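As structure tokens, the structure follows; a few thoughts come after it.
The values are calculated or read from the model by the stated rules, or taken from the named source; none is laboratory data. It should be emphasised that the depicted structure is a prediction, and the values quoted were computed from it without experimental measurement. Virtual Cβ from ideal backbone geometry, glycine too; neighbours counted across all protein chains shown. Ligands, DNA and RNA are stripped out before the accessible areas are found, and what is left, the full protein with its side chains, is counted by its heavy atoms. Shrake-Rupley method; radii C 1.70, N 1.55, O 1.52, S 1.80 Å.
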Amino acid sequence: MTELAAESPLLRVIGDDATPDGATDLTDAALLALHRSLLLLRTYDERSVVYHRQGRIGTYAISWGHEAIQAGAVHALEERDWIFPSYRESAVGLLRGIPPATVLSWWRGHPSGWWNPAQYGVASICVPIATQVPHAAGFAWGCRLREDDRVALVFFGDGATSEGAFHEGANLAAVKKAPLVLLCNNNQWAISTPLAEQSAAATLADKAAGYGMPGVRVDGTDALAVHDAVREAAAQARAGEGPTFVEAVTYRAAPHATADDPSAYVDPDRVEEARRDECLGRLEGYLQRRGLLNEKLAQSVRAEALDLMRQGIAAAEAEPPADPALLFEHALGDPPASFAHDLAELRRIQGG
Ligand SMILES: Cc1ncc(C[n+]2csc(CCOP(=O)(O)OP(=O)(O)O)c2C)c(N)n1
Ligand SMILES: [Mg+2]
């Protein structure tokens, strides 16, 4: 019988005032590489908010505090495995070598903001909620049919679990024993909709039982715990045992996006608590206790990340403006006459 996740405790490795640190089998080098990735994602996020305020990128979905989920998961996969992000994981491709300029161009709505998923094993960012789940399930099923031992990992939020696309993807993956890791970032908000209005289930991971797959719950601010949970889920998937639902529990400590004002609906004390317990500080505390990280090293990793972002925004801004014809060229095989008029109008605006 599948054990309900509500009956099992949240997985944790990094300790706090009340609990000692748990064990990890990651080498010192692997721990420092994980820290570098968290810091890169944090720097990307903080700079992106600034670039938005300066009018250099469009509306931006903030990922502050979610870096442990993103980096912990990517580090637990093999290079050949594929990642399916939502807008919340826009930067995850940086950990696979996608240049910051490409992702910043995506937020600028520029065609140079797209990449070939096959080059990086990172699918296109999905904005329609949960649509990436069936994409990932299909990809994973395809791998199984071709006896290719790659695994797919799909990121999605708590709100996404209410969508039909989530149900269809999760169900198909379980029935077909597709090698898929379903990684839910339960940040307890879907814009202004709280978790209690999203689902009446005791935990989101309990939904896994209904699909006949294991569900595990992990502390989403603990990069090592996320890493371990995803590595285990990926190993099972690769061994032909099918998908796992991993619920990473956290709390959204920032606005949904730059266009959102959460002061209208969020308890500021709860946000303050989440900001105090955020994931980068927790990992840095752990590494310091192990004698692996000091302020000088952290500073140099941060400076390197800042430099990458500076170069990234400069390269994104150096791109020539996109040709508006791109909007029309591949839209319809038999374009209506109005397209020519609309294109001429766009060219007139761009020229002026
Ligand atoms: C199909 C669809 N419906 C509605 C929206 C509008 N929308 C954008 S973000 C969002 C909340 C999603 O919440 P969650 O899945 O918890 O992800 P989070 O934003 O917290 O990462 C909604 C409803 C959308 N993008 N797509
Ligand atoms: Mg959410």
- Message: Students sometimes get this wrong: rank Leu26, Leu4 by accessible area, probe 1.4 Å, all chains present, largest first.
- Response: Leu4, Leu26
- Query: Sorting Arg12, Arg150, Arg96 by accessible area (1.4 Å probe), largest first, what list results?
  - Reply: Arg12, Arg150, Arg96
- Query: Given a 1.4 Å probe, how much area per residue of the chain is accessible, in Å²?
  - Reply: 46 Å²
- Task: List the aspartates and glutamates whose Cα lies under 12 Å from the Cα of Lys177, skipping any in the same chain that are fewer than 8 positions away.
- Result: Glu241
- Message: Taking 0.36 nm per residue of sequence separation and subtracting the Cα-Cα distance, how much length would be gained by fully extending the chain between Ala201 and Arg310, in nm to one decimal?
- Response: 34.8 nm
- Task: Run through all the Cα pairs of the range 220-352 and give the fraction in each 10 Å bin from 0, expressed as whole percent.
- Result: 9, 17, 22, 23, 19, 10, 1
- Over the Cα atoms of the range 204-286, how large are the radius of gyration and the largest Cα-Cα distance (Dmax), in Å? 16.0, 47
- Query: Got a sec? What order do Leu180, Leu94, Leu32 fall in by accessible area at 1.4 Å, biggest, i.e. largest, first?
  - Reply: Leu32, Leu94, Leu180
- Note on the structure: If amide H atoms are modeled at 1.01 Å from N in the peptide plane, then the residues at a separation of 5 or more from Ala257, or on another chain, having amide H under 5 Å from its own are Ile62
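Counting only C-alpha contacts under 8 Å and six or more residues apart, can you give the relative contact order of the chain as a whole percent?
Once normalised by length, the contact order is 23 percent.
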- A chain fully extended from Ser192 to Glu241 at 0.36 nm per residue, minus the present Cα-Cα distance, gains in nm 14.0 nm
- Taking H as built 1.01 Å from N, whose amide H comes closer than 5 Å to the amide H of Ile14, not counting residues under 5 places away? Gly22, Leu224, Ala225
- Item | Karplus 3J(HN,Hα) series, Hz, for the range 21-29 with 6.51 cos²θ - 1.76 cosθ + 1.60 (x for Gly, Pro) | 4, x, 8, 9, 9, 6, 6, 4, 5
- Query: Non-local amide H neighbours of Arg217 (under 5 Å, H modeled in plane, Pro and chain starts lacking H): which ones?
  - Reply: Leu11, Glu247
- Taking the chain and counting helices only, DSSP H stretches of n ≥ 4 at -39,500 (n - 2.57) each over all residues, the nearest-500 ellipticity at 222 nm comes to -14000 deg cm²/dmol
- From Cα coordinates alone, what are the radius of gyration and Dmax values for the chain in angstrom? 20.9, 70
- Query: To the nearest 0.05, how large is the calculated FRET efficiency for Gln288 and Glu319 if R₀ is 51 Å and r is the Cβ-Cβ distance?
  - Reply: 0.80
- Give the angle, between 0 and 90 degrees and rounded to the nearest 10, that separates the Cα long axis of helix 223-238 from the longest principal axis of the Cα atoms of the chain. 80 degrees
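In what sequence, highest mean first, do 202-209, 328-335, 187-194, 13-20 appear when ranked by Cβ atoms within 10 angstrom? Before the final figure, lay out the partial values.
Working: 202-209: 20.9, 328-335: 9.5, 187-194: 17.1, 13-20: 11.8.
Most protected by this proxy first, the peptides run 202-209, 187-194, 13-20, 328-335.
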- Message: Among DSSP bridges having both ends in the chain, what percentage is antiparallel? Round to the nearest 5.
- Response: 10 percent
- Query: So how exposed is Val133, as accessible area in Å² (1.4 Å probe, rounded to 10)?
  - Reply: 0 Å²
- Query: Angle between the Cα long axis of helix 295-317 and the longest principal axis of the chain, 0 to 90 degrees, nearest 10?
  - Reply: 20 degrees
- Helix 164-175 axis, angle to the chain major axis (alpha carbon atoms, nearest 10°): 50 degrees
- Task: May I ask you to derive the FRET efficiency for Ser263 and Arg56 from their Cβ-Cβ distance with R0 = 22 Å, giving the value to the nearest 0.05?
- Result: 0.30
- Query: Once the Cα gyration tensor of the range 91-154 is found, what semi-axes does its equivalent ellipsoid get, as square roots of 5 times the eigenvalues, in whole Å, sorted largest first?
  - Reply: 24, 14, 9
- Query: Along the charge dipole of the chain, Cβ charges K/R +1 and D/E -1, which of Leu32, Tyr286, Ala6 sits furthest on the positive end?
  - Reply: Leu32
- How big is the range 79-223 on each of its three principal axes, counting only the C-alpha atoms and giving the largest first in Å? 42, 42, 29
